[in-house]
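The values are calculated or read from the model by the stated rules, or taken from the named source; none is laboratory data. Just so it is clear, the structure is predicted and the values come from calculations on it, not from any experiment. No Cβ is skipped: glycine too gets one built from the backbone with ideal geometry, and neighbour counts run over all protein chains shown. Just so you know, the surface numbers come from the protein's heavy atoms only, side chains and all, with ligands and any DNA or RNA stripped out. Shrake-Rupley method; radii C 1.70, N 1.55, O 1.52, S 1.80 Å.
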Amino acid sequence: MKMTLMPQIFHKILVFLSLLAATLAHAQLSIEITGAGANRIPVAIANFAGDPAAAQVVTATIRADLERSGLFKLVDPGGAPLDENSPVNFGDWKGRGADALAAGSLVRGANGRMEARFRLYDTQKQAALGGAVYVTGNDQLRAAGHRIADYIYEKLTGEKGVFSTRVAYVVKSGGQFKLQIADADGQGAATALTSREPIISPVWSPDGSRLAYVSFEKKKPVIYVHSLASGQRQVVANFKGSNSAPAWSPDGRRLAVVLSKDGNSQIYVVNADGTGVQRLTQSAGIDTEPRYSPDGGSIYFTSDRGGSPQIYRMGANGGDAQRITFEGSYNVSPRPSPDGKSLAFISRRDGRFQLAVMDLASKQVQILTDSHKDESPSFAPNSRMVLIATEIGGRGVLSAVSTDGRIKQRLSIAAGDVREPAWGPFNQ
Amino acid sequence: MKKLLIPALLAALLAGCSSTPVDETSGAPVDSRGGSGVTPVTAGGLDSRGLPRELTDPKSQLSQRSIYFDLDKYDVKPEYQDLVAAHAKYLVANRGFKVLIQGNTDERGSREYNLSLGQKRSDAVKRSLVTLGAKEDQVESVSLGEEKPKNPGHDEAAWAENRRADILYRAPDGRGEF
């Protein structure tokens, strides 16, 4: 597969992920890149040597990942395969404009397993930056590509890559709601739950094995915890009234939830098995959308206690709350970044609901989109991108936006509305 | 609503009197009674969901289950007080029946915040019912937020239809709408 490279920033680049994606277009998320970083690192991913079909899948995956991140500019590697032990003509690669080069091979090992080997070079320093071997099955070649892309990303940018992570989202199509899990590039979508009633607010357990969400299958909102591998579901909160807005504690042992069992919507905490419910807030208005800070010490939430919905922060055991947002009359859906440095939320400005990010140290707020119906932000585990649901042409799509607002990707499904995204944790 | 209430009451009275012999001398002249003035009522009938016809017959006020709210408002408007009172009266007279009140909002804004706003609407209806004599354990108020729009449109007319609380009934034998 040949990538189309466009030098201009913010030009639309369609990434055709694979023939498979095209044939399954109705079920797969397709990704369109609508913005890229200003200073992209030029990198060449040579055609890997060894098994040609396997090498093609792996290198195509690596290139698509790096391209999609918006941080790299792919340099044409030419045709000849280059393995991890081939001598490298650094002058030649520098001449092509590549600051970095990856070369490797796919070799069939014992019992049908594949070995993906690669080495990464700095063409300026004329030195190897490192390399690795991943043993993989034939059906896991894309996963190997994501692992290699993560390695390259981390070596060249200094932060962890998220290409091996997964996303959860809800597709509404033909009167059905499907809770789906896909790789971060939209591939390999699998349906965890199909329902005739809405599903909202999915959140990943910190270890990535379970999702908590709100399902309306009992004619009212009830919170479930769903183990992805076994498909086993457990009701965590089904009290009289509404049960919603689950949020995992960072240790995965508890969930902050919103219950109306004692009157208006208030924040409670329950054990992940549904036992030991305790009330955390005591306000006369609405308290909802709790989210733990990454250190587990505090909870951000939305409250209308001051007359309009605004974001507040309180201790993880409740108590006094400080107001965090002041600009505008509607600031909701707080999501602290995994690195603890910023807070993503949705802000209504001139009647438009837009993604905003606050730097928690300086309290500076930046609006990151120019759309009108953004909702449900979710940080990538490396805190660099925020995934949101938005609407384009009356249809629900997902959009990933970098925290500096420069890089934008759009994820859509041909035959349905996509909403309620949740970016999973790092692969463990 | 008032227009509907009167025929329903008349029908109920007529049905209640049907076994009593009519005193011909005290009645109005026969030729002044239009045959079309009588609404046939089947007492004790059940619809397919196992609920009394009284709750589902379009001619009955109790078949009206939706209470609409103004934008950013969460109180039951005066024009719906009669309807809420009729439902309260039914719950007082039929203690074995339960209702689920589902609050709804329009699509604008956060799904979870809208869920809490829809809860305020269903809570308002519940408070009215309980104030008028329904028992706490007969009434559950929940919210569907913006998730189940009655009108899927994206304009003011659609939003007005979606700012709503719906009353669902369940009979003592467990059959019903929820």
How much mean residue ellipticity at 222 nm does the protein assembly as shown get from its helices, if each DSSP H run of length 4 or more adds -39500 (n - 2.57) and you divide by all residues, to the nearest 500 deg cm²/dmol?
-5500 deg cm²/dmol
Looking at chain A from every direction and averaging, what is the projected area of its Cα convex hull in nm²?
21.4
Given B:K77/B:K135; A:K73/A:K172; A:K373/B:K73; A:K73/A:K408; A:K218/B:K135; A:K73/A:K155, the pairs whose alpha carbons are separated by over 25 Å
A:K73/A:K172
So, relative contact order of segment A:142-237 in percent, Cα under 8 Å, 6 or more apart, is 14
Using +1 on the beta carbon of Lys and Arg, -1 on that of Asp and Glu, and nothing else charged, what's the dipole of segment B:85-178 about the Cα centre, debye to 20?
420
Selection from A:G70, A:P381, A:L211 lying farthest towards where the dipole of chain A points positive, charges on Cβ
A:L211
Crossing angle, helix A:141-157 versus chain A [Cα axis fit, 0-90 degrees, rounded to tens]
90
With label points built 7 Å along Cα→Cβ from the Cα atoms of A:K125 and B:D137, find their separation and express it in nm.
7.3
Return an integer: the convex hull volume of the alpha-carbon atoms of segment A:92-199, in Å³ per residue.
139
Roughly what % of Cα-Cα distances in segment B:100-178 sit above 14 Å, to the whole percent?
61
Under the definition of Cα pairs under 8 Å and six or more residues apart, what whole-number percent is the relative contact order of chain A?
12
Let me know the mean shielding of A:131-142 by other chains, meaning the per-residue number of their Cβ atoms within 10 Å of its Cβ.
0
Quick one: what are the phi-derived ³J(HN,Hα) couplings along segment A:252-267, Karplus 6.51/-1.76/1.60 with θ = phi - 60°, whole Hz, x for glycine and proline?
x, 8, 9, 10, 7, 9, 10, 10, 10, 5, 9, x, 5, 4, 9, 8
Could you name the aspartates and glutamates whose alpha carbon sits less than 12 Å from that of B:K126, not counting residues in the same chain fewer than 8 places away?
B:D75, B:E136, B:D137, B:E140, B:D166
Kindly work out what percent of the DSSP beta bridges joining two residues of chain A are antiparallel, to the nearest 5.
95
To the nearest 10 degrees, the tilt of helix A:52-69 (Cα long axis) against the first principal axis of the alpha carbons of chain A is 50
Burial ranking of peptide ranges A:122-132, A:328-338 (average Cβ count within 10 Å, highest at the top)
A:328-338, A:122-132
Please list A:K73, B:K126 from largest to smallest accessible area, probe radius 1.4 Å, with all protein chains kept in place.
A:K73, B:K126
How large is the translational diffusion coefficient of segment A:20-109 in µm² per second when you combine the Kirkwood radius over alpha carbon pairs with Stokes-Einstein at 37 °C and 0.692 mPa s?
227
Mind checking the log10 I(q)/I(0) for segment A:180-246 at q = 0.18 Å⁻¹? Debye, one equal scatterer per Cα, no solvent, two decimals.
-0.67
Over segment B:40-113, what is the relative contact order in whole percent, taking alpha-carbon pairs under 8 Å and six or more residues apart?
14
Projecting each Cα onto the charge dipole of segment B:76-178 (Lys/Arg +1, Asp/Glu -1 at the beta carbon, about the Cα centre), which of B:L100, B:Y90, B:G145 comes out farthest on the positive side?
B:Y90
Search the structure for amide H atoms under 5 Å from the amide H of A:E289, placed 1.01 Å from N in the peptide plane, and list their residues when 5 or more places away or on another chain.
A:T302
Suppose accessible area is computed on protein heavy atoms with a 1.4 Å probe; arrange A:E327, A:E391, A:E289 from highest to lowest.
A:E327, A:E391, A:E289
Along the charge dipole of segment A:85-171, Cβ charges K/R +1 and D/E -1, which of A:Y151, A:S86, A:Y169 sits furthest on the positive end?
A:S86
How large is the accessible surface of A:R210 in square angstrom, using a 1.4 angstrom probe and rounding to the nearest 10?
60
